[in-house]
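Q: Encoded as structure tokens, here's the structure I'll be asking about.
No lab work stands behind these numbers, since they all come straight from the coordinates. Note that the structure is a prediction, hence the values are computed from the model and not measured. Here Cβ is always computed from backbone atoms with ideal geometry, including for glycine, and neighbour counts include all displayed protein chains.
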Amino acid sequence: MKGKLEVGQDIVLQKMTTDADTPYNFGSGHLHRFYSTASLTTLMLDAGAELVDPQLTEGHISVSTMIQVYHEEPTVIGETVTVQATVLEIDEYRILLGLKAWDEVGPIGRGINERHIVSIDSLIASAEKRVGVQGA
């Protein structure tokens, strides 16, 4: 790591919800007015990457290997959703993040995200080997 990622370090991201964030756009029936779990999960993953990746040396990224999300309250489209990702554990190349989410009314969700630090070149080589592609 080029920077110093520490337990307790955090980041906060905010997003004004739009029609593109509804469950309807993810194949979940007729729910046009509410913020989807898929959108909440994406914002949580974005927060994790934005917290960890700037601390890494060139040629490395963090990848999510596990995420657990509890979406506990509905958010009406048009409200702002805020997500906080906090470093809970660092174990060499493994980082565990705590996740909290709230909207303008109050808490809406929580979770955890496990991320691993990997070499971009190694990740690409592994993926290419897996599908039998060379130098793509």
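Q: Provide, for q = 0.14, 0.16, 0.19, 0.20 Å⁻¹, the log10 of I(q)/I(0) from a solvent-free Debye sum over equal Cα point scatterers in the chain.
A: The computed values of log10 I(q)/I(0) come out as -0.71, -0.85, -1.01, -1.06.
Q: Please identify every one of the GluC sites (Glu not before Pro) in the range 18-96 that sits in a loop by DSSP and has no more than 11 other beta carbons within 10 Å of its own beta carbon.
A: Values: sites: Glu50, Glu58, Glu72, Glu79, Glu89, Glu92; in loops: Glu58, Glu72, Glu92.
Within the range 18-96, the qualifying GluC sites (Glu not before Pro) (loop, at most 11 other Cβ atoms within 10 Å) are Glu58, Glu72, Glu92.
Q: If you take the beta carbon distance between His116 and Glu72 as r and set R0 to 22 Å, what does 1/(1 + (r/R0)^6) give as a FRET efficiency, to the nearest 0.05?
A: Values: r = 27 Å, r/R0 = 1.24.
The formula returns an efficiency of 0.20 here.
Q: How large is the helix-only mean residue ellipticity at 222 nm for the chain, computed as the sum of -39500 (n - 2.57) over DSSP H runs with n ≥ 4, divided by its residue count, in deg cm²/dmol to the nearest 500? Please list the in-between numbers first.
A: Numbers: 2 runs with 28 residues, N = 136.
Mean residue ellipticity, 222 nm, calculated: -6500 deg cm²/dmol.
Q: Taking the Cα centre of the chain as the origin, how large is its charge dipole in debye, to the nearest 20, when only Lys and Arg (+1) and Asp and Glu (-1) carry charge on their Cβ atoms?
A: Working: 10 positive and 19 negative charges, 56 e Å.
Magnitude of the dipole: close to 260 debye.
Q: Moving on to the next point. Simple spin-label model, 7 Å along Cα-to-Cβ: Met16 to Ile90 in nm?
A: In this crude spin-label approximation the distance works out to 3.6 nm.
Q: Can you list residues from other chains, or at least 5 along the same chain, whose modelled amide H is less than 5 Å from the amide H of Thr75?
A: Excluding prolines and chain starts, which carry no amide H, the hits are Tyr35.
Q: Round to the nearest 10 and give me the degree value, 0 to 90, for the angle of helix 120-131's Cα axis relative to the longest principal axis of the chain.
A: Computed tilt is about 90 degrees.
Q: Okay, moving on. What lysines sit close enough to Lys4 to cross-link, taking a C-alpha to C-alpha distance under 23 Å and skipping anything fewer than 8 places away on the same chain?
A: Straight-line reach from Lys4, under 23 Å: Lys100.
Q: Something else now. In sequence order, what are the phi-derived ³J(HN,Hα) couplings for the range 65-79 according to the Karplus relation 6.51 cos²θ - 1.76 cosθ + 1.60 with θ = phi - 60°, rounded to whole Hz, with x for glycine and proline?
A: Running phi through 6.51 cos²θ - 1.76 cosθ + 1.60 with θ = phi - 60° gives 10, 6, 9, 10, 10, 10, 9, 9, 9, x, 10, 7, 4, x, 7 Hz.
Q: Enumerate the amide H contacts of Gly109 below 5 Å, restricted to partners 5 or more residues apart or on another chain; note that Pro and chain-start residues carry no placed amide H.
A: Here Glu72, Ala101 satisfy the definition.
Q: If R₀ is 30 angstrom, what is the calculated FRET efficiency for the pair Asp53 and Asn25, using the beta carbon separation as r and rounding to 0.05? Working shown, then result.
A: Numbers: r = 27 Å, r/R0 = 0.89.
FRET efficiency, Asp53 to Asn25: 0.65.
Q: Could you give me the ³J(HN,Hα) list for the range 94-110, computed from phi with Karplus coefficients 6.51, -1.76, 1.60 and θ = phi - 60°, whole Hz, x at Gly and Pro?
A: In residue order, the calculated couplings are 10, 10, 10, 10, x, 10, 9, 9, 8, 10, 5, 9, x, x, 10, x, 7 Hz.
Q: How high is the FRET efficiency between Lys4 and Thr82 when r is their beta carbon distance and R₀ equals 25 Å, given to the nearest 0.05?
A: Numbers: r = 25 Å, r/R0 = 1.01.
Calculated value: 0.50.
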